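Reading through the structure tokens given below for one structure.
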Amino acid sequence: MSGRLPWARPFQVALRTAHIVAMALVLGGLAQGAGAGRLEGAILATVASGLLLFLLDLANGSAALGQGSGMAVLLKLALLGLGNLMPQARLPWYLAATAVASVGAHMPARWRHFSFIAWRVIPKS
């Protein structure tokens with residue numbers, strides 16, 4: 001990413017930090033029984049930072065969506081969607097999404113950059 005957009009890496013680190021903090025507030029609030037109204041700010045910060053992170057990834061090319069890292073993001077979004085469809089089970093779905101996000105962010109490069117379209121590892125440019 002830093003090859004095309006030299007400012008992208010520090011911006012991505014700051015956004016990722018904000019995203020993790022905001023999601024921690026959402027998860028903690030849900031675990032303590034807070035309603036959506038009380039969590040509105042943290043939810044908005046989570047969505048906004050996540051959207052910006054996603055757009056940064058797409059700015060580097062849409063190929064990432066077909067790779068392991070992109071699949072992890074899509075799975076995370078699906079789990080979050082299930083949490084919204086089933087509010088009574090929101091916390092378990094959000095925890096599952098958080099686990100997928102953590103694994104996606106820390107899995108080996110050969111998995112993260114594996115392309116399900118080309119069926120091979122695409123070296124990071």
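In segment 90-115, what residues are surrounded by 12 or more Cβ atoms within 10 Å (Cβ to Cβ) and either assigned by TED's automatic domain parsing to the domain that holds Ile43 or more than 15 Å from the chain's Cα centre (by Cα) (or both)? Residues satisfying the conditions are Arg90, Leu91, Pro92, Ala109, Trp111, His113, Phe114, Ser115. Annotation: of all residues in segment 1-57 being more than 19 Å from the chain's Cα centre (by Cα) and among the hydrophobic types (A, V, I, L, M, F, W, C), the one that is modelled with the highest pLDDT is Ala31. Within segment 58-87, being closer than 17 Å to Ile117 by Cβ and modelled with pLDDT of 95 or more holds for one residue alone: Leu75.
The condition of being free of Cβ contacts under 8 Å to residues at least 40 places away in the same chain, part of a loop (DSSP other than H, G, I, E, B) and not hydrophobic (A, V, I, L, M, F, W, C) holds for only one of Pro10, Pro6, that being Pro6. Being more than 22 Å from Val13 (Cβ to Cβ), without any contact (Cβ under 8 Å) to a residue 40 or more places away in the chain, in a helix (DSSP H, G or I) and hydrophobic (A, V, I, L, M, F, W, C) is not true of Leu95. Against the numbered list (1) under 30 Å from Ala31 (Cβ atoms); (2) over 17 Å from the mean Cα position of the chain (by Cα), Val73 comes up short only at (2).
Among residues of segment 32-54 that are touching a residue at least 60 places away in the same chain (Cβ under 8 Å) and over 16 Å from Leu95 (Cβ atoms), none has a Cβ under 6 angstrom from a residue that is part of a helix (DSSP H, G or I) and among the polar types (S, T, N, Q) at a sequence gap of 6+ or on a separate chain.
The values are calculated or read from the model by the stated rules, or taken from the named source; none is laboratory data. Please read these numbers as outputs of a predicted model, since none were measured by experiment. All Cβ positions, even for glycine, are placed from backbone atoms using ideal geometry, and neighbour counts span all protein chains on display.
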